[in-house]
1. Identify, by number, the condition in (1) buried (at least 21 other Cβ atoms within 10 Å of the Cβ); (2) under 30 Å from Tyr139 (Cβ atoms) that Ile80 doesn't meet.
2. Any residue that is open to solvent by less than 20 Å² (accessible area, probe 1.4 Å), within 23 Å of Phe122 (Cβ to Cβ), in contact (Cβ under 8 Å) with a residue 60 or more places away in the chain and part of a helix (DSSP H, G or I) - is there at least one of those in the range 52-74?
3. Take the residues of the range 186-219 that are β-branched (Val, Ile, Thr) and modelled with pLDDT under 85: which is farthest from Ala132 (Cα to Cα)?
4. Give the residue, chosen from Gly74, Gly63, Gly126, Gly101, that is within 29 Å of Gln157 (Cβ to Cβ) and at pLDDT below 95.
5. Among the residues of the range 86-123, which ones are surrounded by 13 or more Cβ atoms within 10 Å (Cβ to Cβ), polar (S, T, N, Q) and without any contact (Cβ under 8 Å) to a residue 60 or more places away in the chain?
6. So, Asp189, is that one open to solvent by less than 40 Å² (accessible area, probe 1.4 Å) and in a loop (DSSP other than H, G, I, E, B) or not?
7. Based on this model, can you work out whether Ile175 counts as surrounded by 15 or more Cβ atoms within 10 Å (Cβ to Cβ), free of Cβ contacts under 8 Å to residues at least 60 places away in the same chain and either of a type in the set (Ser, Thr, Tyr) or under 29 Å from Gly74 (Cβ atoms) (or both)?
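The values are calculated or read from the model by the stated rules, or taken from the named source; none is laboratory data. Note that the coordinates shown come from a computational prediction; the quantities given were computed from them, not determined experimentally. Cβ placement follows ideal geometry from the backbone for every residue including glycine, while neighbour counts extend to all protein chains displayed. Just so you know, the surface numbers come from the protein's heavy atoms only, side chains and all, with ligands and any DNA or RNA stripped out. Shrake-Rupley method; radii C 1.70, N 1.55, O 1.52, S 1.80 Å.
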Amino acid sequence: MQAIVETVFDLVYLCTVTTLGILMIRQGRQSRQYFLFGIMAVTLGAGDAFHLVPRAIALCTTGLENYTVALGVGKFITSITMTIFYVLLYYVWRQRYQVTGKKGLTWTVYLLAMVRIGLCLFPQNGWTSAEAPLAWGIYRNIPFALMGLLIIVLFYQSVKQHQDRAFRWMSLTIILSFGFYIPVVLWADTVPLIGMLMIPKTCAYVWTVWIGYAAMRHDLQK
């Protein structure tokens, strides 16, 4: 039952974010922010597919323990693409609110992204090991969490300043995604049930993408 439910959920998720992303790329060509949002959504779906597709195959066949390498490689790729996802979201923020300058802020985002990706490249992460060290899971997620916190603050301040109703929940979706993700990083290995938090975390990302798509549709209908 778990295999069927989880596989269907993951496929619906991947198809949803990828389809919405493609629609934004095609329909939002006249608006750089929506074009970027579309690329961001496709990056999210494509990156997560590297982990979720092998997981679905494993659940429906011989079990996760027989797909350790494929799942580890997929998790590594997802870690990189999620970092790119937030860099693109930062540029969506700049485009939507016509932000210019702020080179220090941009370099901060790049620095956090590079540190995150750099930490992911260390062999000590044990991506393909069944006993990946918790410590490195924490190390690589520190700059990632800081990047997320920065994006949360930027959207919260800009939405409030511009009274942007279309993006009023953007900060909340990012807060929820990290709020559900962090416990998984810290305790999922010792308490497997905590891994279920990945479901609402995934829903938060769908909400993030839907906010961009709904805003684009509203603007196109004006």
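1. (1)
2. Checking the range 52-74: at least one residue is open to solvent by less than 20 Å² (accessible area, probe 1.4 Å), within 23 Å of Phe122 (Cβ to Cβ), in contact (Cβ under 8 Å) with a residue 60 or more places away in the chain and part of a helix (DSSP H, G or I).
3. Val191
4. Residue meeting the stated conditions: Gly101.
5. Listed by number, the residues that qualify are Thr106, Thr108.
6. Criteria not met by Asp189.
7. Yes.
Conditions tested, residue by residue: (1) under 14 Å from the mean Cα position of the chain (by Cα); (2) in contact (Cβ under 8 Å) with a residue 40 or more places away in the chain; (3) part of a helix (DSSP H, G or I).
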site: Ile152; (1), (2), (3): yes, no, yes
site: Gln157; (1), (2), (3): no, no, yes
site: Lys160; (1), (2), (3): no, no, yes
site: Arg165; (1), (2), (3): no, no, no
site: Arg168; (1), (2), (3): no, no, no
site: Gly195; (1), (2), (3): no, no, yes
site: Val209; (1), (2), (3): yes, yes, yes
